[in-house]
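Handing you this structure, nothing more for now.
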Amino acid sequence: IPPDITGRMVDGVLAAQGNTQVLGFTLGLGQVVFLLLSVIFLQWLVAAFRSYLLRVVGDRMIVDMKNDIYAKAQFLPMSFYDKTSTGSVINRVNSDTANLQGFILRISQEAVTQGFLLIGLIIIMFVRSPLLSVVSLAPVPLVVFGSRIFGKKISPKYRRIWRRGSAISSLLADTIPGVRVIKAFTNEDSAIQKFKHYCEEWFHEDRGVAKISTAYSHVVGFLVACGTPIIWAVGGGRVQAGLLSAGLLVTFITYAGQFYGPVNFFATLNDSYQNTLASVEKILDILDAEPEHDFGKGDTLERLEGRIEFQAVNFSFDRSKKVLSNVNLLIEPGDTIGIVGTTGSGKSTLINLLMRYYDDYDGEIFIDGQNLKEIDMQYYRGQIGYVQQEPLMFKDSVFNNIAYGAGKVHVEQVLSAAEVANAHGFIARLPDAYDTMLGERGVGLSGGEKQRVSIARAVLKNPSILILDEATAAVDSETEHLIQQAIERLIRGRTTLMIAHRLSTLRKANKIIVVDKGEIIEFGSPQELMELKGKYYKLVQIQTMAEEAETQRKTENF
């Protein structure tokens, strides 16, 4: 509308020194200017409302996508995380969705409007002057051709930029939580240099993209800008020849200026598109990934007793080397089983299969006579209490860390669980007791205190099967005694599997499994294995000698 009013004003008001007709009304200069101002105000008012509305819609789409990615990440199998770094996943949730958000906002706020504007202008321009319209369209084929070449050239470069950015995120995810180790080994300078190197690699890739992108956008801008002088040349000649009015030429020049805006927008949109495409592909890597297979969804047991049976189980992570080989094992309900073996023998893998972290094993695992894969996964894992060697504490209150995963619980239940775990004493001495906020990964608690909070978490869960992974590996003797007391209370009436290097922690075990190179080489009561004088006997002898030497050293020092 404004270009049409401007043209009428040039021909009717300025050139003819009179009035002009607009929608059947005769208007003077002041009235035409006021009408033009009113239309422009209405345009900006509508544009502001549209921008706000579409931004909110775009933000809601991204929030939903972040929720989808995070939800999907929770249900991906452990094999996915074996191959994908934590930093890479974080990068997809944050940086890649931010890229997508910017593109969606640009599309929703500009592309639709620019598209309608482009179509409308082409129709109006051809109605007003077909010749000048053809002249205006002259740069467009060159822009389209250049856009195709640009897209093919820039696409692989944006993928390389993504990989460099992901490497930076992975390095941050490794080093920031591990800052204590970096300081302990005075490795700050090395960590800084490594980070600088990764940033320089990213900068090098981005600079290469910047060269191509900048050159392309300015070439497109130049081609588009050339259209206006050509219109002046052709249109001006027709005005001089009396074939075209000056007002119509001004109107057409204004329309052409508006027309080149969308052309330039869609030409340079390819740059954003290629960048976003690299991010979208990585997001879809998560959204399209196979989730954990819950073959027995909805199938639960009336009561899980805790009878565990492995039948000819074989497992390997990459199909090249077996981590477990021909495992046959029967554990009766209520058994307390100690699992021993050298580092890398397959102890933790045995537990990982029992936890259903991996499903692609050969053979079968039965729980209370039912195939493990045929039991509802959430129900099954809800029946297992897991105390890790390095328990994970969340940045939350002590109360919520104990109650984690237990749903709605009463305060008395949490206090009782803490008492059983020998944790109530030290928690009560904290500044805000159970409401004390822990730092990242449990900063504020010692290793033994974290372990007892983890045990309290397992007590509150009241599991049928209990798994203890090196629960006393990194604590002093006094703390170990407190943890052992807590464990003894916890294991009563439950099927318990205890991984331990320190064999003294297995004194409550009624059976011992000895794992070596992925095979169970010994299984029986501690007395039977000692009489057998095999691997377990040798491990006991070695640790006994080491403990006696340590005791003698302390006595001599005293």
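Please determine, by comparing only the residues of region 134-158 that are surrounded by fewer than 17 Cβ atoms within 10 Å (Cβ to Cβ) and among the basic types (K, R), which one is farthest from D206 (Cα to Cα).
Checked region 134-158; the qualifying residue farthest from D206 (Cα to Cα) is R148.
Go through (1) of a type in the set (D, E, K, R); (2) buried (at least 16 other Cβ atoms within 10 Å of the Cβ); (3) over 24 Å from A421 (Cα atoms) for D335 and report which single condition fails.
Only one criterion in (1) of a type in the set (D, E, K, R); (2) buried (at least 16 other Cβ atoms within 10 Å of the Cβ); (3) over 24 Å from A421 (Cα atoms) is unmet by D335, namely (3).
Condition check: part of a helix (DSSP H, G or I), surrounded by 17 or more Cβ atoms within 10 Å (Cβ to Cβ) and under 41 Å from the mean Cα position of the chain (by Cα). Does Y255 satisfy that?
Working: part of a helix (DSSP H, G or I): yes; surrounded by 17 or more Cβ atoms within 10 Å (Cβ to Cβ): yes; under 41 Å from the mean Cα position of the chain (by Cα): no.
Judged against the criteria, Y255 is not a match.
It is to be established whether one or more residues within region 9-26 are modelled with pLDDT of 75 or more, open to solvent by less than 50 Å² (accessible area, probe 1.4 Å) and part of a helix (DSSP H, G or I). Spell out how you get there, then give the answer.
Step one: of region 9-26, the residues modelled with pLDDT of 75 or more are none.
Checking region 9-26: not a single residue is modelled with pLDDT of 75 or more, open to solvent by less than 50 Å² (accessible area, probe 1.4 Å) and part of a helix (DSSP H, G or I).
Tell me which residues, restricted to region 267-284, are open to solvent by 30 Å² or more (accessible area, probe 1.4 Å) and touching a Gly at 6+ places or on another chain (Cβ under 8 Å).
S272, Y273
Report yes if some residue within region 523-540 is assigned to a strand (DSSP E or B) and open to solvent by less than 50 Å² (accessible area, probe 1.4 Å); otherwise report no.
Narrowing region 523-540 to residues assigned to a strand (DSSP E or B): 523-524.
The next check asks that each one be open to solvent by less than 50 Å² (accessible area, probe 1.4 Å); those that pass are 524.
Yes, some residue in region 523-540 is assigned to a strand (DSSP E or B) and open to solvent by less than 50 Å² (accessible area, probe 1.4 Å).
Does any residue of region 300-319 turn out to be aliphatic (A, V, I, L, M), under 30 Å from F103 (Cα atoms) and surrounded by fewer than 16 Cβ atoms within 10 Å (Cβ to Cβ)?
Initial filter on region 300-319 (aliphatic (A, V, I, L, M)): 301, 304, 308, 312-313.
Of the ones still in play, those that are also under 30 Å from F103 (Cα atoms) are none.
Scanning region 300-319, I find no residue that is aliphatic (A, V, I, L, M), under 30 Å from F103 (Cα atoms) and surrounded by fewer than 16 Cβ atoms within 10 Å (Cβ to Cβ), so the answer is no.
Within region 366-378, count every residue that is under 26 Å from the mean Cα position of the chain (by Cα) and either within 14 Å of G306 (Cα to Cα) or open to solvent by 50 Å² or more (accessible area, probe 1.4 Å) (or both).
Of the residues in region 366-378, 1 are under 26 Å from the mean Cα position of the chain (by Cα) and either within 14 Å of G306 (Cα to Cα) or open to solvent by 50 Å² or more (accessible area, probe 1.4 Å) (or both).
Which of the residues that make up region 428-467 are farther than 15 Å from A486 by Cα, part of a helix (DSSP H, G or I) and among the β-branched types (V, I, T)?
Across region 428-467, there are no qualifying residues.
Scan (1) within 27 Å of I483 (Cα to Cα); (2) not in a loop (DSSP other than H, G, I, E, B) for the single condition Q389 breaks and write down its number.
Unmet for Q389, out of (1) within 27 Å of I483 (Cα to Cα); (2) not in a loop (DSSP other than H, G, I, E, B): (2).
Just to verify a result, which residue in region 403-427, among those that are farther than 19 Å from L482 by Cβ and of a type in the set (A, V, I, L, M, F, W, C), is most open to solvent (accessible area, probe 1.4 Å)?
Going residue by residue through region 403-427, those that are farther than 19 Å from L482 by Cβ are 403-413.
If we keep only those that are of a type in the set (A, V, I, L, M, F, W, C) as well, we get 403, 406, 409, 411.
On the way: A403: 13, A406: 41, V409: 38, V411: 81 Å².
Across region 403-427, the extreme among qualifying residues is V411.
Do we have L117 as open to solvent by less than 60 Å² (accessible area, probe 1.4 Å) and hydrophobic (A, V, I, L, M, F, W, C) here?
Values: open to solvent by less than 60 Å² (accessible area, probe 1.4 Å): no; hydrophobic (A, V, I, L, M, F, W, C): yes.
Spelling it out, it is not the case that L117 is open to solvent by less than 60 Å² (accessible area, probe 1.4 Å) and hydrophobic (A, V, I, L, M, F, W, C).
Out of F295, F266, F317, report the one residue that is in contact with a helix residue (DSSP H, G or I) (Cβ under 9 Å, 6 or more places away or on another chain) and under 30 Å from L529 (Cβ atoms). First the steps, then the outcome.
On the way: F295 fails: under 30 Å from L529 (Cβ atoms); F266 fails: under 30 Å from L529 (Cβ atoms).
Selected residue: F317, the only one of F295, F266, F317 that is in contact with a helix residue (DSSP H, G or I) (Cβ under 9 Å, 6 or more places away or on another chain) and under 30 Å from L529 (Cβ atoms).
Moving on. When you go through (1) touching a Leu at 6+ places or on another chain (Cβ under 9 Å); (2) more than 21 Å from G306 (Cα to Cα) one by one for T343, which number turns out not to apply?
(1)
Here is a check on your reading of the model: is T228 exposed (fewer than 14 other Cβ atoms within 10 Å of the Cβ), in a helix (DSSP H, G or I) and of a type in the set (V, I, T)? Please lay out each step first, then the result.
Working: exposed (fewer than 14 other Cβ atoms within 10 Å of the Cβ): no; in a helix (DSSP H, G or I): yes; of a type in the set (V, I, T): yes.
Answer is no for this residue.
Can you pull out the residues in region 36-66 that are surrounded by fewer than 11 Cβ atoms within 10 Å (Cβ to Cβ) and not hydrophobic (A, V, I, L, M, F, W, C)?
Those that are surrounded by fewer than 11 Cβ atoms within 10 Å (Cβ to Cβ) and not hydrophobic (A, V, I, L, M, F, W, C): S38, R60, D64.
Yes or no, residue by residue, for (1) outside any helix (DSSP H, G or I); (2) farther than 30 Å from Q541 by Cβ; (3) not aromatic (F, W, Y):
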residue: D271; (1), (2), (3): no, yes, yes
residue: S279; (1), (2), (3): no, yes, yes
residue: D285; (1), (2), (3): no, yes, yes
residue: F317; (1), (2), (3): yes, yes, no
residue: N326; (1), (2), (3): yes, no, yes
residue: L353; (1), (2), (3): no, yes, yes
residue: Y357; (1), (2), (3): yes, yes, no
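The values are calculated or read from the model by the stated rules, or taken from the named source; none is laboratory data. Because the structure is a prediction, the values reported are computed rather than measured. When we count neighbours, we look across all protein chains shown, and the Cβ atoms used for this are built from the backbone with ideal geometry, even at glycine. Ligands, DNA and RNA are excluded from the accessible area calculation, which covers all protein heavy atoms including side chains. Shrake-Rupley method; radii C 1.70, N 1.55, O 1.52, S 1.80 Å.
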